Amino acid sequence: MSIRWLPAGDHGLLLEFGDTIQDATARYVRQVATALQHDERTLGWSIIPSYATIVITYPVHTELSDVLSLVQPALSQAPSHEPGRTLWIPLCSDTDLAPDLGWVASRCQLSPAEVITSFCAPAYRIDALGFAPGFPYLAGLPELLETPRRNTPRTQVAAGSIAIGGRQAGIYPLRTPGGWNIIGRTPLRLFRPEDTPPIPYSPGDLVRFVAVPRAEFDMLALDPAALPVIEVGR
């Protein structure tokens with residue numbers, strides 16, 4: 001694999017592992033980033049993996065040669081396939097929780113129920129966390145559900161909203177603006193700044209959605225301790 005090294009500011013590096021989104025590349029990127037994050041010598045560094053990149057920002061007193069001496073061994077390790085985690089997240093698609101479900105169904109020539117059945121069928125891989133704390137970019141959306149983002153983003157999207165954007169799915173952990181198509185909502189509070197870690201998932205984890213009725217949604221929404229069911233190993 002060809003890896004490009006680029007400067008990222010005065011005290012940063014950008015590692016590029018290609019220019020396409022591929023499962024093998026994403027796994028290797030996460031493996032390298034995890035190795036660096038778990039090295040006690042990188043305390044105080046910022047190591048952020050994405051689809052095919054890692055951004056590394058290091059303290060001002062750190063020499064570039066010291067950074068390279070840590071990064072190069074991490075890059076030379078053989079790809080591993082350790083068991084990961086699968087998180088099960090409840091999804092309710094009642095009309096008031098899924099304002100774009102009808103539009104998505106019409107565009108895809110499906111009924112709303114068929115959209116939800118198709119959406120809940122696969123396991124989604126978390127490739128990156130971004131634009132808001134804990135927002136997971138999920139790969140694995142069935143091709144028949146691919147839909148363009150909204151022409152006019154909403155100024156406010158409710159926390160827990162589950163949405164489709166192009167070839168990806170995502171979950172809004174906080175109330176934020178957003179332009180993806182909302183097809184349901186989870187009652188779980190996914191961003192918990194009082195917890196360590198504040199987000200119950202990481203890049204590389206798998207997410208499975210399970211459709212739940214409104215009564216179960218309302219019950220879980222009242223439980224401040226409700227978290228995704230997590231299975232280890234896949």
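The values are calculated or read from the model by the stated rules, or taken from the named source; none is laboratory data. Remember, predicted model here, so these are calculated numbers, not experimental data. Ideal geometry is used to build each Cβ from the backbone, glycine not excepted, and the neighbour counts take in all protein chains shown.
Values for this structure:
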read-out	value
Matching option when the condition is closer than 24 Å to Val29 by Cα, in contact with a helix residue (DSSP H, G or I) (Cβ under 9 Å, 6 or more places away or on another chain), part of a loop (DSSP other than H, G, I, E, B) and touching a residue at least 40 places away in the same chain (Cβ under 8 Å), among Pro187, Pro203, Pro198	Pro203
Looking only at the stretch 18-49, and only at residues there that are more than 20 Å from Ser69 (Cβ to Cβ) and assigned to a loop (DSSP other than H, G, I, E, B), the one that is modelled with the lowest pLDDT	Ile21
Failed condition for Thr25, given (1) hydroxyl-bearing (Ser, Thr, Tyr); (2) over 23 Å from the mean Cα position of the chain (by Cα); (3) not assigned by TED's automatic domain parsing to the domain that holds Ala121	(2)
Test: residue in the stretch 12-22 that is over 30 Å from Arg167 (Cα atoms) and not hydrophobic (A, V, I, L, M, F, W, C)	yes
Contacts under 6 angstrom Cβ, first residue in the stretch 122-136 being charged (D, E, K, R), partner buried (at least 17 other Cβ atoms within 10 Å of the Cβ) and not in a loop (DSSP other than H, G, I, E, B), 6 or more apart	Arg125/Ala139; Arg125/Leu206; Asp127/Ala26; Asp127/Tyr137; Asp127/Ala139
Members of the stretch 1-21 found to be of a type in the set (D, E, K, R) and farther than 23 Å from Tyr58 by Cβ, listed by number	Asp19
Subset tally (residues that are buried (at least 18 other Cβ atoms within 10 Å of the Cβ), among the hydrophobic types (A, V, I, L, M, F, W, C) and not in a strand (DSSP E or B)) for the stretch 50-69	2
